[in-house]
Amino acid sequence: MCGKDRGLRGVNNLEEQVLGHSAATSSLQMLRITIEEAPLAVTLRLEGKLIGPWVKEVEQCWRNALVNLGPRTILIDLSAVSFMDTAGQALLAKMQLAGFRLAGSGSMGS
């Protein structure tokens, strides 16, 4: 599901399969992943909550980006992430150790 502008949107069937919530509550727990490619960098922009099943989706996206990276760096834009659970925090630590740059406002709860 990872693509140039591949958001995980409010598709009822997907929400119920992955989150097990009604459409009314699961819309609060979505994450949009946008990939922007430039000559010097690839940016993964995350918007929403980095929790549960979305953590695996982000990991898949950065691994796919790594394959096509070449000499470019990867920037993870966290400025629109409102919350992350411990799995999300662990993934970001792993990404940072891999050499990715993390950027954000620092105002999210955890």
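Coordinate-derived values only; no laboratory data. Computed from a predicted model, the values in this text were never measured in an experiment. Because the Cβ atoms are built from the backbone with ideal geometry, glycine has one as well, and the counts that use them run over all protein chains shown.
List Ile51, Ile76 from most exposed to least, where exposure is judged by having the fewest other Cβ atoms within 10 Å. Can you show the working numbers first?
Details: Ile51 18, Ile76 22.
Starting with the residue having the fewest Cβ neighbours, the order is Ile51, Ile76.
For Val81, which sequence-distant residues (separation of 5 or more, or a different chain) have an amide H within less than 5 Å of its own amide H, given hydrogens modelled in the peptide plane?
Gly48
Taking R0 as 30 Å, what's the FRET efficiency between Ala38 and Ala93 from their Cβ-Cβ distance, rounded to 0.05?
Efficiency for this residue pair is about 0.75.
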